[in-house]
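Note sheet for the following structure.
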Amino acid sequence: MSLAGVSAGDDYVLDIDGKATGITGSPFTCPDLLAPGAHSLVVYNRVEGFTFEGRTARVNTATGTRADAAAIIPLPGCLKSVSREITVTADDTLRVSLVPLQRVRDLHIEFTVTQGRPELIQRITATLGGIASAFDMEAEQTAGEPASTVFAFTREGSKLTADLRLLGTMGTVQSMVLDIVFTDGGRTQRTEADLTEALADFNKDMTTAYRVTGTLETPVGMEEGNATITGWETGDGGDVEAGM
């Protein structure tokens, strides 16, 4: 069996009919003699940030384990997998060539502060809901219920940026809640944005980074009021700094 794009240092697993074996490189010879007939084959890489339960990969929570109703980590590793049905013939050698596909997509979010004083922003924490937390590697599709993830923005001048890596969106609504803490007395504001339309195409091409930009308007000085986000734009591109 040969795997495209796999080197000896990659931690890949071959699962045949539920029995998992570590792959030491490509090409790779299955150590077991398979009985004639049909067999189910799944190959995946054992990357950080996921817990593997049989043929399901689940994104970890911040505590390192998957738990119901808990927020998952925003930057798991780059999961790749491929599923195939094979047929073995008696007294014959079966050669299989596989190309593991990327199952996660990088998301880059960028806001430009156009009103207020960005230097007064101490920190911004965001919660993104309506995302997938598990992937069925045999069926090659996301699984489970919609989950959420919590992440922080980094400020450089008037630019606020955040990077995530997701299995995809899930459910009918994708929403983001921003908690903005200001330096002037610890003032905090919460604002919510609907990203359903902005992320409508997120699941189409997992191999290129997806970019979402917008304008963040914060209250001027010490005045009361809520921050607002306008001018949503989407597109491909953006450099996501995360472990592979």
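Bear in mind these aren't lab numbers, they're just calculated from the coordinates by the rules spelled out. All values reported here derive from a predicted model rather than from experimental measurement. Virtual Cβ from ideal backbone geometry, glycine too; neighbours counted across all protein chains shown.
General remarks:
- Note on the chain: with a GNM built from Cα contacts shorter than 10 Å, the maximum mean-square fluctuation among 147, 193, 35 falls on 35.
- This structure gives Rg and Dmax of the Cα atoms in Å, computed directly, and of [x] 21.7, 81; [y] 23.7, 88; [z] 20.5, 63 that value is listed as [x].
- Compared with the alpha-carbon gap, the fully stretched path from residue 52 to residue 92 is longer by 11.1 nm at 0.36 nm per residue.
- Here's the list of aspartates and glutamates a cross-link from residue 19 could span, going by alpha-carbon distance under 14 Å and ignoring same-chain residues fewer than 8 apart: 32, 53, 138.
- Under 11 Å, Cβ to Cβ, from residue 206 - net charge with Lys/Arg +1 and Asp/Glu -1: +3
- Charge tally in the Cβ shell below 15 Å around residue 22, where Lys, Arg are +1 and Asp, Glu are -1, residue 22 excluded: -2
- Mean sequence separation of contacting Cα pairs (under 8 Å, at least six apart), scaled by the length of the range 85-244, corresponds to a relative contact order of 28 percent.
- Debye intensity ratio I(q)/I(0), log10, the range 23-125, q values 0.10, 0.17, 0.24 Å⁻¹ (C-alpha model): -0.50, -0.95, -1.31
- Proximal aspartates and glutamates to residue 204, defined as alpha-carbon separation beneath 18 angstrom and excluding residues fewer than eight positions away on the same chain: 106, 136, 140, 233, 236
- In this Cβ point-charge picture (+1 for Lys and Arg, -1 for Asp and Glu), the chain has a dipole of about 300 debye about its Cα centre.
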